[in-house]
């Protein structure tokens, strides 16, 4: 990608200073300062691969991947829940819901493709049944429904079914292990160079320090450092980890 191609794709936007590192051409900006729709439209004009990451509320971030001739990839990563801890959680001792209850939850978590929501940058209002059942959900079930309902990031049926059958802590760790592989697969599919083992350790929380988890960005800077975005992100990880 040339600078002229980059400038043409974002001709209608006012962008911060452009940085270059390891073949990437990128910029950093506050979420509210950028037109997300215009940004995505510009990214889809480029040959790619292109990547956009957006943090939200100090508890999650969104990843979007683009490449010419491919449908965009989108995923929500609730990083605060990936924090590894040995602290007791009351949900760890809770009995698993009955098979019938889990089956009912699964029908809401994984509706038919016709009814499944698409990823957008704004939430939609859940239906009355979803709201009622969500109030009764806890642990992994609530997370899976929220990912589909609010964040347009549904988990496939087979994975959701397996997760619902696990105790709380096991289900959470299995979810992040699954999502780490899911995102790493997408990075490979879009042709983004990376060390899979390093990226999966970041996404699962295994290599992320307590200091990083205590920040509003969580493991996002570490992932960008893993992908070759350079010294600024590497320094951020070192300083956050030292606190």
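The values are calculated or read from the model by the stated rules, or taken from the named source; none is laboratory data. Source: prediction; values computed, not measured. No Cβ is skipped: glycine too gets one built from the backbone with ideal geometry, and neighbour counts run over all protein chains shown.
Remarks
- Among (1) within 23 Å of residue 147 (Cβ to Cβ); (2) at pLDDT below 90, the one test that residue 33 misses: (1)
- Residue match in segment 209-223 (condition: under 18 Å from the mean Cα position of the chain (by Cα), more than 24 Å from residue 29 (Cα to Cα) and in contact (Cβ under 8 Å) with a residue 24 or more places away in the chain): no
- Residue 186 being in the same structural domain as residue 71 (by TED's automatic domain parsing), part of a helix (DSSP H, G or I), surrounded by 12 or more Cβ atoms within 10 Å (Cβ to Cβ) and modelled with pLDDT of 70 or more: yes
- Out of 161, 200, one residue alone is in the same structural domain as residue 227 (by TED's automatic domain parsing) and part of a helix (DSSP H, G or I). It is 200.
- Any hit, segment 225-242, residues being surrounded by 19 or more Cβ atoms within 10 Å (Cβ to Cβ), part of a helix (DSSP H, G or I) and within 14 Å of the chain's Cα centre (by Cα): no
- Some residue of segment 27-48 being without any contact (Cβ under 8 Å) to a residue 12 or more places away in the chain and either in contact with a helix residue (DSSP H, G or I) (Cβ under 8 Å, 6 or more places away or on another chain) or in a loop (DSSP other than H, G, I, E, B) (or both): yes
Conditions (1) part of a helix (DSSP H, G or I); (2) out of contact with any helix residue (DSSP H, G or I) (no Cβ under 6 Å at 6 or more places or on another chain); (3) modelled with pLDDT under 80, marked per residue:
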site: 61; (1), (2), (3): no, no, no
site: 64; (1), (2), (3): no, yes, no
site: 68; (1), (2), (3): no, yes, no
site: 85; (1), (2), (3): no, yes, yes
site: 103; (1), (2), (3): yes, yes, no
site: 107; (1), (2), (3): yes, yes, no
site: 113; (1), (2), (3): no, yes, yes
site: 116; (1), (2), (3): no, yes, yes
site: 126; (1), (2), (3): no, no, yes
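- On inspection, residue 143 fails the criterion of being crowded, with 22+ Cβ neighbours inside 10 Å, under 16 Å from the mean Cα position of the chain (by Cα), in a helix (DSSP H, G or I) and touching a residue at least 60 places away in the same chain (Cβ under 8 Å).
- Checking residue 157 against (1) closer than 23 Å to residue 64 by Cα; (2) touching a helix residue (DSSP H, G or I) at 6+ places or on another chain (Cβ under 6 Å), the condition it does not meet: (2)
- Going through (1) closer than 20 Å to residue 49 by Cα; (2) surrounded by fewer than 20 Cβ atoms within 10 Å (Cβ to Cβ); (3) in contact with a helix residue (DSSP H, G or I) (Cβ under 6 Å, 6 or more places away or on another chain) one by one, residue 211 falls short only on (1).
- Among the residues of segment 12-21, those identified as over 24 Å from residue 231 (Cβ atoms) and either touching a residue at least 12 places away in the same chain (Cβ under 8 Å) or not assigned by TED's automatic domain parsing to the domain that holds residue 51 (or both) are 12, 13.
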